[in-house]
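> First the structure, which I've put down as structure tokens, then a few questions once you've had a look.
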Amino acid sequence: MTSVSVRVPAKINLQLAVGPRRPDGYHDLVTVFHAVSLFDEVTVEPAGRDGVSVTGEGADRVPANGDNLALRAVAALRAAVRDRGGGPGRVHVSIAKRIPVAAGLAGGSADAAAALVACNELWESGLTQQRLLEIAATVGSDVAFALLGSTAVGRGRGEQLTPALAPATRYHWVLALADGQLSTPEVYAALDRIRGDQEAAPPVLDAALMSALRSGQARLVGSSLSNDLQQAAVSLFPPLRKTLTAGLELGALGALVSGSGPTCVFLAANAERALELAVSISGAGVCRSVARVSGPVPGATVVRVG
Ligand code: C5P
């Protein structure tokens, strides 16, 4: 084998309930992850030393050194394989980005998950999905979900996953991509400031959202979307308020900030409505660009072996 390519999706959060800040600096979450059809492609090839190159959407803003999450994933997998007596070689990771960087869509986590799947294949390590999920959780809070894909409930930091059992409904979303970025730690810190001395309640899974997902009715899902980070994201990026209002006025069934933002997500009743909504949000001039996506889609998947 001389190369392995893996396709990996972006995620949105249909619910993001944030509990109190923990002693380790993370926040306890209950979240409903949903993988959507906006994909990065990650290729690994044997090389003299570990390295990474990035092309595509926002490539210049992705670290090309050891801070790169995909390279950290490679190192974590190598350590796990070495523990089992293997001796995998060095790799070059090429990331073709379509998922915007620092947008609340877990693009960096997606690339890390893809690198895990790709190296597991290239090195013929044969680690199980369960073991890859454990390694993923050490690399970042959202990496495990990018392996799993589809729709899943995340607990803990977001890394403890339970697949959501739901009918095979396809949801049609419009993403409003912002002209700017938000740093996830800064958004969590802004939430802590907003909450002040008030102790946050433990996060709880939204029964109305889960029931809406079981019904498969987009209208019900649209009215059950929620994100505890939204207020904090809007406080750091005030134009988002206008973007969210515009999408709802233009007929979205529901609207919210994706994860820590600044991407805004709008649900449409069907593919045709999503196209109309995308055109009108674009025309309203309330974001940098729009993307139409659908979900759920599978997690990181091998697409080519060379
Ligand atoms: O795990 P990851 O590196 O993706 O998290 C980035 C940052 O987001 C953390 O350093 C932390 O500040 C914040 N975070 C958090 N609670 C979570 C997940 C992330 O506070 N459950």
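The values are calculated or read from the model by the stated rules, or taken from the named source; none is laboratory data. These figures come from a predicted structure and were not determined experimentally. With ideal geometry, Cβ positions are generated from the backbone for all residues, glycine too; neighbour counts draw on all protein chains shown. Note: accessible area is taken over every heavy atom of the protein model, side chains too, but ligands, DNA and RNA are not part of it. Shrake-Rupley method; radii C 1.70, N 1.55, O 1.52, S 1.80 Å.
> Are there any pairs with C-beta distances below 7 angstrom linking a residue in segment 181-192 that is farther than 23 Å from residue 57 by Cα and open to solvent by 40 Å² or more (accessible area, probe 1.4 Å) to a residue that is within 8 Å of the ligand (Cβ to nearest atom) and outside any loop (DSSP other than H, G, I, E, B), with the two at least 6 apart or on different chains, and if so which?
That search, which allows pairs on different chains as well, returns 188/27; 192/21.
> What's the number of the condition residue 284 fails, among (1) of a type in the set (Gly, Ala, Ser); (2) surrounded by fewer than 19 Cβ atoms within 10 Å (Cβ to Cβ); (3) more than 14 Å from residue 173 (Cβ to Cβ); (4) within 19 Å of the chain's Cα centre (by Cα)?
Among (1) of a type in the set (Gly, Ala, Ser); (2) surrounded by fewer than 19 Cβ atoms within 10 Å (Cβ to Cβ); (3) more than 14 Å from residue 173 (Cβ to Cβ); (4) within 19 Å of the chain's Cα centre (by Cα), residue 284 violates only (4).
> From the list 132, 105, 175, which one is over 20 Å from residue 259 (Cα atoms) and open to solvent by less than 20 Å² (accessible area, probe 1.4 Å)?
Being over 20 Å from residue 259 (Cα atoms) and open to solvent by less than 20 Å² (accessible area, probe 1.4 Å) holds for just one of 132, 105, 175, which is 132.
> Same structure again: Please find, among 208, 200, 146, the residue that is within 16 Å of the ligand (Cβ to nearest atom) and modelled with pLDDT of 95 or more.
Numbers: 208 fails: within 16 Å of the ligand (Cβ to nearest atom); 200 fails: modelled with pLDDT of 95 or more.
Sole residue among the options that is within 16 Å of the ligand (Cβ to nearest atom) and modelled with pLDDT of 95 or more: 146.
> How many residues are open to solvent by 50 Å² or more (accessible area, probe 1.4 Å) and outside any loop (DSSP other than H, G, I, E, B) if we restrict to segment 193-218? Give the steps one after another, and end with the answer.
Keep residues of segment 193-218 that are open to solvent by 50 Å² or more (accessible area, probe 1.4 Å), which gives 193-195, 197-199, 201-202, 204-205, 207-208, 211, 214-215, 217.
If we keep only those that are outside any loop (DSSP other than H, G, I, E, B) as well, we get 193-195, 207-208, 211, 214-215.
Qualifying residue count for the region: 8.
> Moving on to the next point. Take the residues in segment 26-57 that are of a type outside the set (Ser, Thr, Tyr) and part of a loop (DSSP other than H, G, I, E, B); name whichever of them is modelled with the lowest pLDDT. Let's see the steps before the verdict.
Within segment 26-57, the first condition is being of a type outside the set (Ser, Thr, Tyr), and the residues that meet it are 27-30, 32-36, 38-42, 44-52, 54, 56-57.
Imposing the further condition that a residue be part of a loop (DSSP other than H, G, I, E, B) reduces the set to 47-50, 57.
Working: 47: 96, 48: 93, 49: 93, 50: 93, 57: 89.
Out of the qualifying residues, it is 57.
> If residue 304 meets every condition in (1) of a type in the set (Lys, Arg); (2) more than 30 Å from residue 119 (Cβ to Cβ); (3) out of contact with any Gly (no Cβ under 9 Å at 6 or more places or on another chain) apart from one, which number is that one?
Going through the list (1) of a type in the set (Lys, Arg); (2) more than 30 Å from residue 119 (Cβ to Cβ); (3) out of contact with any Gly (no Cβ under 9 Å at 6 or more places or on another chain), residue 304 breaks only (2).
> Between a residue in segment 141-157 that is outside any loop (DSSP other than H, G, I, E, B) and hydroxyl-bearing (Ser, Thr, Tyr) and any residue that is open to solvent by less than 10 Å² (accessible area, probe 1.4 Å) and more than 9 Å from the ligand (Cβ to nearest atom), which pairs come within a Cβ distance under 6 Å, given they are 6 or more apart or on different chains?
Partner pairs satisfying both residue conditions: 151/34.
> Another question about this same structure. Taking segment 158-181 only, how many residues are under 17 Å from residue 107 (Cα atoms) and part of a loop (DSSP other than H, G, I, E, B)?
Here the count works out to 6.
> Moving on. For the condition open to solvent by 10 Å² or more (accessible area, probe 1.4 Å) and modelled with pLDDT of 95 or more, what is the one hit in 267, 275?
Of the residues listed, the single one that is open to solvent by 10 Å² or more (accessible area, probe 1.4 Å) and modelled with pLDDT of 95 or more is 275.
> Also, quick follow-up: Residue by residue through segment 81-99, note down the ones that are at negative phi, of a type outside the set (Lys, Arg) and at pLDDT below 95.
81, 83, 86, 87, 88, 89
> Quick check on residue 37: is it more than 16 Å from the ligand (Cβ to nearest atom), open to solvent by less than 10 Å² (accessible area, probe 1.4 Å) and among the small types (Gly, Ala, Ser)?
Criteria not met by residue 37.
> Quick one: what pairs do we get from segment 1-29, first residue within 14 Å of residue 192 (Cβ to Cβ), second basic (Lys, Arg) and open to solvent by 10 Å² or more (accessible area, probe 1.4 Å), C-beta under 6 Å, 6+ apart or different chains?
Listed pairs, sorted by first residue: 26/157; 27/21.
> I need the full set of residues from segment 72-130 which are over 22 Å from residue 47 (Cα atoms), part of a helix (DSSP H, G or I) and away from the ligand (no atom under 16 Å from the Cβ), in order please.
Across segment 72-130, the qualifying residues are 129, 130.
> Further question: Return only the number of the condition from (1) in contact with a strand residue (DSSP E or B) (Cβ under 9 Å, 6 or more places away or on another chain); (2) over 15 Å from residue 10 (Cα atoms) that residue 146 does not satisfy.
Just one mismatch for residue 146, condition (2).
> Sticking with this structure for a sec: Looking at (1) within 27 Å of residue 147 (Cβ to Cβ); (2) buried (at least 16 other Cβ atoms within 10 Å of the Cβ), can you tell me which one residue 169 breaks?
Looking at each condition in turn, residue 169 falls short on (2).
> Go through segment 60-85 and count every residue that is over 21 Å from residue 2 (Cβ atoms), aliphatic (A, V, I, L, M) and open to solvent by less than 20 Å² (accessible area, probe 1.4 Å).
At the first step, the residues of segment 60-85 found to be over 21 Å from residue 2 (Cβ atoms) are 60-69, 72, 75-76, 79-80, 82-85.
Then keep just the ones that are aliphatic (A, V, I, L, M); that gives 62, 64, 69, 75-76, 79-80.
Those left that are additionally open to solvent by less than 20 Å² (accessible area, probe 1.4 Å): 80.
Selection size over segment 60-85: 1.
> Of the numbered conditions (1) touching an Asp or Glu at 6+ places or on another chain (Cβ under 9 Å); (2) open to solvent by less than 70 Å² (accessible area, probe 1.4 Å); (3) away from the ligand (no atom under 15 Å from the Cβ), residue 232 satisfies every one except a single condition; which is it?
With respect to (1) touching an Asp or Glu at 6+ places or on another chain (Cβ under 9 Å); (2) open to solvent by less than 70 Å² (accessible area, probe 1.4 Å); (3) away from the ligand (no atom under 15 Å from the Cβ), residue 232 is out only on (3).
> Could you please give the count of residues in segment 18-34 that are open to solvent by 10 Å² or more (accessible area, probe 1.4 Å) and of a type in the set (Gly, Ala, Ser)?
1
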